[in-house]
1. With the full set of protein chains in place, find how many percent of the accessible area of the stretch 161-265 is carbon and sulfur; take the probe as 1.4 Å.
2. For the stretch 169-221, what's the relative contact order in percent, using C-alpha pairs closer than 8 Å and at least 6 residues apart?
3. Name the residue, out of Arg117, Arg203, Arg20, whose mean-square fluctuation peaks in a Gaussian network model built on the chain with Cα pairs under 10 Å.
4. If you place +1 on the Cβ of every Lys and Arg and -1 on the Cβ of every Asp and Glu, how big does the dipole about the Cα centre of the stretch 44-97 come out, in debye to the nearest 20?
5. Which ³J(HN,Hα) values, rounded to whole Hz and listed in residue order, are derived for the stretch 236-246 from phi using the Karplus coefficients 6.51, -1.76 and 1.60 in 6.51 cos²θ - 1.76 cosθ + 1.60 with θ = phi - 60°, glycine and proline given as x?
6. Could you sort the peptides 178-187, 4-13 by per-residue average Cβ neighbour count (10 Å cutoff), highest mean leading?
7. Given Cβ point charges of +1 (Lys, Arg) and -1 (Asp, Glu) and nothing else, what value in debye, to the nearest 20, does the dipole of the stretch 185-232 about its Cα centre take?
8. Mind running the shape call on the stretch 126-260? Use the C-alpha gyration tensor, a ≥ b ≥ c as the square roots of the eigenvalues: rounded below 1.5 for a/c, prolate if a/b tops b/c, oblate otherwise.
Amino acid sequence: YPQYLKQNACYHGGYTHGNRHYVNQKITPDIFGSNVCAYDFASSYPYCMLAYKFPMERFMPFQNCTPEFILKNSEDYAYIFKLIMIKPELKNKFTPMPALQMSKCVKTINAIEDNGRILQAEYVEIWLNEIDLKVIYEQYEMNEVCTDVYFSQKDYLPRWFTDYVFKCYMDKCTLKDGDPVLYSIAKAKLNALYGMCVQKPVRELIEEDYQTGEYSIDKSIPPEELYDKYVKKYTSILPYQWGVWVTSYAFENLHTLGKCVDYKN
């Protein structure tokens with residue numbers, strides 16, 4: 001359960017952000033001199049499940065680990081750690097997609113944010129993995145140190161699972177222009193393969209007093225007990241950390257796509 005809490009702190013979810021440099025502007029061909037195009041990934045999360053390596057064993061503590069060491073070994077090992085940053089600041093003030101997420105920070109001092117993303121600060125503490133660190137290193141300059149580091153060996157997801165991911169993707173593509181109900185079911189099944197990884201294992205037990213309309217949280221059962229009960233269910237077959245790394249890989253891919261844009265022209 002303590003390890004799950006650290007993984008949950010690393011889970012940053014999808015990236016949603018507007019470009020602050022174009023607020024209140026209507027983007028038209030007259031401004032840019034050509035047609036405006038939009039690009040996106042097809043089934044980004046299923047692709048990440050098929051293409052990349054994931055933590056495949058229990059996370060173990062690692063002493064005296066530097067960010068440079070983590071990045072150097074990120075191909076074969078997954079890392080969970082708290083990154084402490086002194087005076088982080090965007091290397092390029094024009095960067096339209098800042099990576100540091102204010103809501104996931106453990107602590108910040110004098111942070112300047114833009115729609116939930118940190119542009120600069122005096123001090124930041126945040127839980128990350130090695131994929132997030134790579135993007136942040138590209139965007140920010142800072143003095144930094146890693147604490148509470150844990151590592152796990154990486155490998156591709158098991159073939160029984162990836163074969164099924166690919167089958168669901170094929171079903172979705174085949175049914176796209178056919179029966180809308182069958183297509184919706186196929187799409188939901190494909191998306192659920194990621195969703196089952198990131199189910200919240202410990203849910204708050206909320207009780208309502210029907211006389212007063214007030215709510216209270218039942219804390220009589222320790223969260224560790226609720227977590228163990230969830231893990232032992234025969235339907236809980238997909239590890240939470242797989243879902244955490246899926247979103248991190250998708251996060252990196254989105255930033256890689258964003259770097260292809262020539263903003264000056």
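The values are calculated or read from the model by the stated rules, or taken from the named source; none is laboratory data. The model shown is predicted, which means the values in this text are computed figures rather than measured ones. Don't worry about glycine lacking a Cβ; one is built from the backbone with ideal geometry, like all the others, and counts go over all protein chains shown. In case anyone asks, the SASA skips ligands and DNA or RNA and just uses the protein heavy atoms, side chains included. Shrake-Rupley method; radii C 1.70, N 1.55, O 1.52, S 1.80 Å.
1. Working: 4060 of 7180 Å².
Ligands and nucleic acids excluded, carbon and sulfur reach 57 percent.
2. 22
3. Arg203
4. Roughly 240 debye for the stretch 44-97.
5. Values, residue by residue: 8, 9, 10, x, 4, 5, 4, x, 4, 6, 4 Hz.
6. Values: 178-187: 13.4, 4-13: 17.3.
In decreasing order of mean packing, 178-187, 4-13 become 4-13, 178-187.
7. For this selection, approximately 600 debye.
8. oblate
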